[in-house]
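In what follows, a single structure is set out as structure tokens and then discussed.
The values are calculated or read from the model by the stated rules, or taken from the named source; none is laboratory data. Owing to the predicted nature of the structure, the values given are computational and were not obtained by experimental measurement. So basically every Cβ, Gly included, is an ideal-geometry build from the backbone, and we count neighbours across all protein chains shown.
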There are 2 protein chains.
Amino acid sequence: MPDEEGHPEPGEMELGKVLAALADPLRRRVVTELAAGPEGEARTCSSFALPVAKATVTHHFRTLREAGLIRQVNRGNSRMATLRRSEIEQRFPGLLALLLAEDARHRP
Amino acid sequence: MPDEEGHPEPGEMELGKVLAALADPLRRRVVTELAAGPEGEARTCSSFALPVAKATVTHHFRTLREAGLIRQVNRGNSRMATLRRSEIEQRFPGLLALLLAEDARHRP
DNA sequence: CACAAGGTACGATGCAAGTCGTACCCAGGA
DNA sequence: TCCTGGGTACGACTTGCATCGTACCTTGTG
């Protein structure tokens, strides 16, 4: 399984797919946590502790990857996920700020 | 059927519902057309000429209304739809600009 | 009044999405 | 070398969504 697979170019990212990906609360949580963390942070899928089975976690991360929101690369026996921050900001300006603002609204 | 029905307050608008509503291309088109038009513009459902049956149009406008994106009021024998511009901008700053920018990208 | 126009309500259908269990793979460490 | 941990692949199930036809309601108009 090659590293560069299912990662659309910034120009190929579709707003419909991005919005559909972010409509799911679990996927939105992943993106929000990455956006709230430091630039370039790489985390494993399991580090998010999503309350679903392993196969479901894989499904959600594939959806995020194919929408262009995250990048996944193999590193050793793990698969690290990073937020495609600059590409998202260039293609959909203000989107990440929107998610962070909404997140801050729910944890006082 | 009363006018004020299924219209959430700005504080009750849920990002998940809003994103799910905007993930559909037909619904996104309605919001984008309203956002591109003048402030306070009121249009009938049929004026958008969506390429689906009447019952489907009703379904899409209900989804938009329940997400809080549009307001529908009875006027004569029609039901006028207006964009809840200020509420959206207050609750999700930059969202409408995002939709307009994406729309401009697709019509040169 | 009768009729057309704009919408809604209801039920049905087909398809996509979220979820899971199981089996499997691959890299690292005991 | 075997085993464990992190992920994936596949198939199955269930729910939700978009779509439609039909019937119905309401308002305005000829």
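Couple of notes before you dig in:
Here is a yes/no grid of residues against (1) more than 14 Å from chain B (Cβ to nearest Cβ); (2) at pLDDT below 95; (3) farther than 17 Å from A:GLY68 by Cβ:
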{"position": "A:MET1", "(1), (2), (3)": "yes, yes, yes"}
{"position": "A:GLY16", "(1), (2), (3)": "no, no, no"}
{"position": "A:LEU19", "(1), (2), (3)": "no, no, no"}
{"position": "A:LEU22", "(1), (2), (3)": "no, no, no"}
{"position": "A:PRO38", "(1), (2), (3)": "yes, no, yes"}
{"position": "A:GLU41", "(1), (2), (3)": "yes, no, yes"}
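- Boolean, A:ARG65 is crowded, with 18+ Cβ neighbours inside 10 Å, of a type in the set (Lys, Arg) and away from every other protein chain (no Cβ under 14 Å): yes
- Residue in the range B:23-39 that is farther than 29 Å from A:ASP103 by Cα, within 15 Å of DNA strand C (Cβ to nearest atom) and either within 13 Å of the chain's Cα centre (by Cα) or not charged (D, E, K, R) (or both) present: no
- Filtering the range A:52-59 for residues that are at pLDDT below 95, within 11 Å of DNA strand D (Cβ to nearest atom) and among the hydrophobic types (A, V, I, L, M, F, W, C) leaves an empty set.
- In the range B:48-61, the residues that are closer than 21 Å to B:THR82 by Cβ, within 7 Å of DNA strand C (Cβ to nearest atom) and either surrounded by 11 or more Cβ atoms within 10 Å (Cβ to Cβ) or aliphatic (A, V, I, L, M) (or both): B:VAL57, B:THR58, B:PHE61
- Flag if B:HIS106 is surrounded by fewer than 18 Cβ atoms within 10 Å (Cβ to Cβ) and within 11 Å of chain A (Cβ to nearest Cβ): yes
- Every listed requirement among (1) within 25 Å of B:MET13 (Cα to Cα); (2) surrounded by fewer than 17 Cβ atoms within 10 Å (Cβ to Cβ) is met by A:GLU41 save one, (1).
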